[in-house]
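Shown next, in structure tokens, is the structure this report addresses.
All of the numbers you see were taken from the coordinates with simple rules; none came from a lab. Keep in mind the model is a prediction, meaning the values are calculated, not measured. Here the Cβ positions follow ideal geometry from the backbone for every residue, glycine too, while neighbour counts run over all protein chains shown.
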Amino acid sequence: MNYEFCKCCSVKRGFTLIEMLIIIGIIAVLVGIGIPVFKGFQPVLQLNGAVRDLVTDLRYAQQLAVTEQLEHCVRFFPEDREYKIIQCQNPGAEEILKTISFQEINSITVADFSDNEARYNPYGSVKKDGTVTLEVNGKTKTIEVRPSGFVRIKKD
């Protein structure tokens, strides 16, 4: 066999089988500890993602109302765990622009909005302010829409 020697001293370099097995054992223990911790964070990550998506869509509906100078709304359907972005200027000829369904969300609670919708006028403000609360496995996040149309995630 040909061994590589350190130039400063006459010590063989490399790992023994025992050292490799110990390292693999340590990695296995760390992975075993990490998987349950990650699964505990998964509902929180799903909730945060859903909240970010909803805030983005509320701001998108506001932007559409201002740029197109037509009323747009985000209409919530809590029993179906979904919402729709709608061009709602003409009540008889509403145009659904986008439908979003939250499969990972346990419940959606809408408060204070009239007709379960955040309706933006061409100036970017809402007809009636309100809140939307999303819940996953006991964890909740609330989104607040102010009369000016300002959207924010409330701190818990």
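One table, with the values for the structure above:
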item: Entry for Kirkwood radius over Cα pairs in Å (calculated from the structure that is shown) out of (1) 19.0; (2) 17.7; (3) 15.9; result: (1)
item: Filter on K39/K98; K84/K154; K84/K128 - keep pairs with C-alpha separation over 20 Å; result: K39/K98; K84/K154
item: Integer Hz, Karplus 6.51/-1.76/1.60 couplings in order for segment 132-147, x for Gly and Pro; result: 10, 10, 10, 9, 9, 6, x, 8, 10, 9, 10, 10, 10, 10, 8, x
item: J(HN,Hα) series, segment 25-31, from Karplus relation 6.51 cos²θ - 1.76 cosθ + 1.60, nearest Hz, glycine and proline x; result: x, 5, 4, 4, 5, 5, 5
item: Net charge contributed by nearby residues that have their C-beta within less than 15 Å of V126 (K/R +1, D/E -1); result: 0
item: Filtered trypsin sites (Lys or Arg not before Pro), segment 49-156: DSSP coil and at most 13 other beta carbons within 10 Å; result: K128, K155
item: GNM result for the chain, Cα springs below 10 Å: residue of L17, L47, L97 fluctuating most strongly; result: L17
item: Among G40, G124, G32: highest mean-square fluctuation, GNM of the chain, C-alpha pairs under 10 Å; result: G32
item: Net +/- balance of residues flanking S107 in space, Cβ distance below 13 Å, scoring K and R +1, D and E -1; result: -2
item: Residue of E68, E82, E144 that the Gaussian network model of the chain assigns the largest fluctuation, springs spanning Cα pairs under 10 Å; result: E68
